[in-house]
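Take a look at the structure below.
The values are calculated or read from the model by the stated rules, or taken from the named source; none is laboratory data. None of these values were measured; they are calculated from a predicted model. Note that we place each Cβ from the backbone using ideal geometry, even for glycine, and neighbour counts take in every protein chain shown. Ligands, DNA and RNA are excluded from the accessible area calculation, which covers all protein heavy atoms including side chains. Shrake-Rupley method; radii C 1.70, N 1.55, O 1.52, S 1.80 Å.
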Amino acid sequence: MSPTTRRDFLKAGLAAGAMATAGVLPLAAAKRTATDTVVLGRSKVAVTRLAFGTGTNSGAVQAALGQREFTRLVHYAHDHGIRFFETAEAYETPAMLGEALKGLPRDSYQLMTKVTTFHKDVDPQAKFDELRRTSQTEYFDVMLLHWQHTADWPETTKRWQDGILEAQQRKTIRTHGASVHGLPALRQMPGTSWLDVGLIRINHNGSRMDGPTYEDTNHPDNVSEVVNHIHQLKAEGLGVIGMKLCGGGQFENSHDDRVKAMKYAFQNAGVDAATIGFKNTQEIDEAIANLNLALA
């Protein structure tokens, strides 16, 4: 069986399984809130609209809290209704997050991670097993191809795409997608049938958003194009998660910008969920309030 045929076969089998359970999901509540659940498009995976991100400055901010304080913060978020947690192989935090979540029922939260795809001589299944051990989990709810930043990523990552589909057959990954940086990579997302979930940079003024290259700089002139691509992905049935809603830290001293970014991501771009990196309980409380306001 050719690689393309095998990929299509795996994808079709997973889609059939999702369709078989699609009719049992509860109806969404009339009033939307930061901590209710939303289904990520055709993936059928339900997550809270607000996710706890652990990658601020590649996780250095969260790691600096130390395990005890970080665990307390994770439990505070869980107790206040945030049940979606995000990390990545390249961050400093996967092991810390695994330790923090260890005492919580696994079916009470969703865990998203991102795999680094420039490994040349690594077996994808071995890598996924390593990541599961580090995160102390039997499965990941969402696995993303991390930091896709070139226009040819749909072709160059096919080995990892196939590996993720195989892991889904093994039930160690529930759904999958990619995180992109830069317009050349983002422009490839619409029409890439492998994708079920996209993690995309979005805020109201282009701070640390996508531009002509993958660099993390400000691109206010490109916000409308990013929004158009998000709308395309939503029309294709993908789940879209927003990141950089705090401008990569640029909005730290501007509550007004944080409110505007949240409203823009959910009202204008129409993302399903958003991930924000937290370092204290006040930031968690504020993000919940800001998202509730954006959804009102």
- line: The Rg/Rh figure for the chain, Cα atoms and Kirkwood Rh, to two decimals is 0.93
Spatial extent of the range 184-279: Rg and Dmax, with the Cα atoms as the point set, Å: 12.6, 40
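Would you mind working out the accessible area per residue for the range 165-251, using a 1.4 Å probe, and quoting it in Å²?
Accessible surface, normalised per residue, equals 34 Å².
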task: Taking every pair of alpha-carbon atoms in the range 51-184, give the share separated by more than 21 Å as a whole percent.
output: 40
task: With both partners inside the chain, how many of the DSSP beta bridges are antiparallel, as a percent to the nearest 5?
output: 10
- request: List the lysines whose Cα lies under 28 Å from the Cα of Lys120, skipping any in the same chain that are fewer than 8 positions away.
  value: Lys11, Lys158, Lys171
statement: Probe 1.4 Å, all chains present, heavy atoms only: Phe84 accessible area in Å², nearest 10, is 0
- prompt: Among the helices of the chain (complete DSSP H runs), which have Cα atoms covering no less than 27 Å along the helix axis and a Kyte-Doolittle mean of at least 0.0?
  reply: 3-21
query: List the trypsin sites (Lys or Arg not before Pro) in the range 115-151 that DSSP assigns to loop (not H, G, I, E or B) and whose Cβ has at most 16 other Cβ atoms within 10 Å. Which are they?
result: Lys120
query: Under 26 Å from the Cα of Lys260, which lysines turn up, not counting those fewer than eight places away in the same chain?
result: Lys31, Lys234, Lys244, Lys279
message: Suppose a student asked you for the relative contact order of the range 191-296, using Cα pairs under 8 Å spaced at least 6 residues apart; what percent would you report?
response: 27
statement: Taking alpha-carbon centroids only, the range 77-94 lies from the range 237-266 a number of Å equal to 17
- prompt: Among the aspartates and glutamates, which fall within straight-line cross-link reach of Lys102, defined as a Cα-Cα distance under 19 Å, with same-chain neighbours fewer than 8 residues apart omitted?
  reply: Glu69, Asp79, Glu86, Glu89, Glu92, Asp129, Glu130, Glu138, Asp141
Heavy atoms of Arg32 accessible to a 1.4 Å probe, total area in Å² rounded to 10: 110
statement: Calculated from DSSP helices alone, with each H run of at least 4 adding -39500 (n - 2.57) and the total divided by the residues of the chain, [θ]222 nm to the nearest 500 comes to -11500 deg cm²/dmol
